[in-house]
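Report on the structure given below.
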Amino acid sequence: MTITSKDMNKEAKIYIAGHRGMVGSAIARKLSALGYTNLITRTHAELDLTDQSAVTRFFSEEKPEYVYLAAAKVGGIHANNTYRAEFIYQNLVMEANIVHAAWQAGVQRLLFLGSSCIYPRDCAQPIKEEYLLTGPLEPTNEPYAIAKIAGIKLCESYNRQYGTHYVSAMPTNLYGPNDNYDLNNSHVLPALIRKAHEAKVSGASELVVWGSGKPMREFLYVDDMADACVFLMESGIEEGLFNVGTGTDVTIRELALAVIDIVGFKGSIVFDDSKPDGTPRKLLNVDRMRDLGWQAKTSLQAGIAQAYEDFLNKSRN
């Protein structure tokens, strides 16, 4: 592991791809809070990241010094399993366009955001970075996982051939402000928040949760993820793959109970085991980040409470 200078100019040009998404917006908040004043952003209407010529032109004109590649097409089990072509195509094209254009424009430092679904479905727990490509993937989100694995290999390949310093961060399940609460496309935690809230408001006697409730999942508050991303960039890490998580997990049943307690739903929980469970367990080994001196700060209970407040704010608007 090679580490260079930690000095980052607060006026350096920093491009955040996907700044309107949950992770990208959290990175923007973190950078602004730390005093970085030259953040570059583009909406989809201003820059279509699947358009190679447009991306190349943007990098050639703007010449950012640092890049956070947080742009992605994302969703939960249902979305991943239904829109398989869109998930692999759009993610492959966006990351390929950005990484290549960044290199062409002379960008030396880039951080690529992946996903813990890159790891084999049935690998040993907790999952270490070296378990990548050691077994079959979870079928329901394989297209998305393949795209993210390609992104990691893009960074590795450009580093090896061109001497760039492109780093990959693999977050566990993220949640928090600016999450997607659409029941058809959201991840499990925001979906539970919405379902529990609507059940409370309607006076329902029960809340139906997809799956058996037995799978175990790890959850990381998105502002902690942003903190980790900026930490990696500021630390001067030149290359590598880094898991980012809390190092602890809960069952979906335990998660559902925590959500209904915070939301205030008084009914019972019913598990619909006709729906897919996905991977049985997915806990990341976060020793690499801890060895560097970083660890998550937000507890699951505190994070869910803040996420629920975010949901309520969105509902009011």
Expressed in angstrom and ordered largest first, the alpha-carbon extents of the range 1-71 along the principal axes are 34, 25, 24
Output the relative contact order of the range 165-230, whole-number percent, from Cα pairs under 8 angstrom with separation of 6+ residues.
-> 47
Given only helices, namely DSSP H runs of n ≥ 4 each adding -39500 (n - 2.57), what is the per-residue ellipticity at 222 nm of the chain, to the nearest 500 deg cm²/dmol?
-> -13500 deg cm²/dmol
Percent accessible area from carbon and sulfur atoms, the chain, protein chains only, probe 1.4 Å = 48
How much length, in nm to one decimal, is gained on full extension between A54 and V250, taken as 0.36 nm per residue of separation minus their Cα-Cα distance?
-> 66.2 nm
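How large is the Kirkwood hydrodynamic radius of the range 105-174, counting all unique pairs of alpha carbons, in Å? Working shown, then result.
On the way: mean 1/r = 0.0777 Å⁻¹.
Value: 12.9 Å, from the Cα pair sum.
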Global size of the chain as Cα Rg and Dmax, reported in angstrom | 19.3, 61
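Using the heavy atoms of the protein chains and a 1.4 angstrom probe, tell me the accessible area per residue for the chain in square angstrom.
Values: 13920 Å² over 317 residues.
About 44 Å² of surface per residue is accessible.
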Would you grab the residues whose amide H sits under 5 Å from the one on L174? Only those 5+ places off in sequence or on another chain, please, with H modelled 1.01 Å from N.
-> L220
Along Cα→Cβ, 7 Å out, is where each label goes; now give me the distance between the ones at L292 and T82 in nm to one decimal.
-> 3.6
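Antiparallel versus total DSSP beta bridges in the chain: what percent is that, nearest 5?
Working: 3 of 34 bridges.
DSSP beta bridges in the chain are roughly 10 percent antiparallel.
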What pairs from K13/K314; K153/K214; K214/K266; K10/K148; K10/K282 go past 27 Å between their alpha carbons?
-> K13/K314; K153/K214; K10/K148; K10/K282
Per residue Cα convex hull volume for the range 1-137, in cubic angstrom?
-> 146
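The values are calculated or read from the model by the stated rules, or taken from the named source; none is laboratory data. Everything numeric here is computed off the predicted structure, so don't read it as measured data. When we count neighbours, we look across all protein chains shown, and the Cβ atoms used for this are built from the backbone with ideal geometry, even at glycine. Side chains are part of the model used for accessible areas, which takes the heavy atoms of the whole protein and leaves out ligands, DNA and RNA. Shrake-Rupley method; radii C 1.70, N 1.55, O 1.52, S 1.80 Å.
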